[in-house]
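Only the coordinates and a few stated rules stand behind these numbers; no lab work does. None of these values were measured; they are calculated from a predicted model. Note that each Cβ is placed from the backbone with ideal geometry, even for glycine, and that neighbours are counted across all protein chains shown.
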Amino acid sequence: MTVRGYVVVDGVAAGMEDPVIAATDMGFLHGDTLFTTLAVHAGRPVLWKAHYARISESARVSGFPPLPGEARLLAELLEAIRIQPEPPSALRLTLSRGRAALPGIDGASTAAVRVVLPLFRPPRPEALLREGGMAETFLLPWDPAADPRFGHKTGNLLWVKAIRAMKRSPESVEQLLLGRRGEILEGTTSSVFAVDADGVLLTAPLSAGILPGILRGEVLAWARREGRPVREEAPLFAEAASFRELFLTSATLPVQPLRIVGDPAGTVSLPPDFTVATAFLAHYRERMLPVFAE
């Protein structure tokens, strides 16, 4: 099937299916890439500055060649939006370590390769927001806090694909990754929030080895401004039956309340009261998105 649309590689547009990555590119050879996925609204990438700050820090920590400035990268994103035959719902910005004269596992390069890929995803059904979705648990066989790579969005996603392939129910929208004590860390592609029996908003701390999700940070900042009680502490799945709410966030989601969580030991049903989730979603739609339309 032919995919309609165009990519922008190092500032140059190309067909979606054109061969635009060199065979010696270390991203192609070794999965040596970083990426971030941004929602698009009114022809603009949403929360660009936060995404730029995160991917720039990941590039610095990973020893990537210096990136172009923020303005140049933003111009490439805007060009990728402008040239599409229809408005994309999101963009994926990928940075490859690039080509090396001797592209072995320890190869070095002088310039990272930038690829802006448009995504055309249908909106999430409103019924999932009104009624809540289903998620499943997956007990991680490792400790992500022991490996700093888990705090960065890298292109090495085979472990994520392997976990998602183990989905037990076709109705599940996400798998909640559990730590050794049964603490809920994050989803495979999302951050996870719980509202406990006392009304405290809980989410795992970054020190647990989770990804610093852009919407995760926005939810925390919003909740604190609103005067809601917040604690960066991983909620325990053993206490899920007492939660008032459980919901997911991600840059392109942006919010998904959960009604059911499946676990090998049994299914947990949650109350259909999505007060915090729907309040943040209203804030996102009414206060945040209009900024990107200006």
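Can you tell me how the range 6-119 classifies by the Cα gyration tensor, rounded, prolate or oblate, using a/c under 1.5 as the rounded cut? Cα axes put the range 6-119 in the oblate bin.
Span-like helix criteria (full DSSP H runs; alpha carbon extent of at least 15 Å along the helix axis; mean Kyte-Doolittle hydropathy of at least -1.0) are satisfied in the chain by 48-62, 70-82, 214-225.
Springs between Cα atoms under 10 Å define the GNM used for the chain, and in it the highest mean-square fluctuation of P235, P170, P148 occurs at P170.
By count of other Cβ within 10 Å, fewest leading, how are I83, I184, I260, I210 ordered? Let's see the in-between values first.
On the way: I83 13, I184 27, I260 17, I210 23.
Least to most surrounded, the residues fall as I83, I260, I210, I184.
Over the C-alpha atoms of the range 47-175, the Rg to Rh ratio, Rh being the Kirkwood estimate, stands at 1.02. Full extension of the chain between R231 and R130 yields a length gain of 33.8 nm, computed as 0.36 nm times the residue separation minus the alpha carbon distance. Return the sequence-ordered ³J(HN,Hα) values of the range 168-178 in whole Hz as given by the Karplus equation 6.51 cos²θ - 1.76 cosθ + 1.60 applied to θ = phi - 60°, using x for Gly and Pro. Here the 3J(HN,Hα) series is 8, 10, x, 7, 6, 9, 6, 10, 8, 7, 9 Hz. For the range 126-293, the pair-distance distribution built from all alpha carbon pairs, in bins 5 Å wide starting at 0, is 2, 8, 18, 24, 22, 15, 8, 3, 0, 0 percent.
Taking the helices alone, the chain has a mean residue ellipticity at 222 nm of -7000 deg cm²/dmol, built from -39,500 (n - 2.57) per DSSP H run of at least 4 residues and averaged over all its residues.
3J(HN,Hα) along the range 231-245, derived from phi through the Karplus expression 6.51 cos²θ - 1.76 cosθ + 1.60 where θ = phi - 60°, amounts to 9, 7, 8, 5, x, 8, 5, 4, 9, 4, 5, 9, 5, 6, 8 Hz, with x in place of Gly and Pro.
Only loop residues by DSSP count here, and only those with at most 11 other Cβ atoms within 10 Å; note down the chymotrypsin sites (Phe, Trp or Tyr not before Pro) in the range 193-266 that meet that. Passing both the DSSP loop test and the Cβ count: no residue.
Of the trypsin sites (Lys or Arg not before Pro) found in the range 118-169, those in coil by DSSP whose Cβ has at most 15 other Cβ atoms within 10 Å are R168.
Rg then Dmax, both in Å and based on the Cα atoms of the chain: 19.6, 59.
The alpha-carbon of K161 sits under 13 angstrom from the alpha-carbons of these aspartates and glutamates, leaving out residues fewer than 8 places away in its chain: E174. Taking θ as phi - 60° and the Karplus parameters 6.51, -1.76 and 1.60, the scalar couplings of the range 195-205 work out to 10, 7, 4, 8, x, 7, 7, 10, 7, 4, x Hz in sequence order, x denoting glycine and proline.
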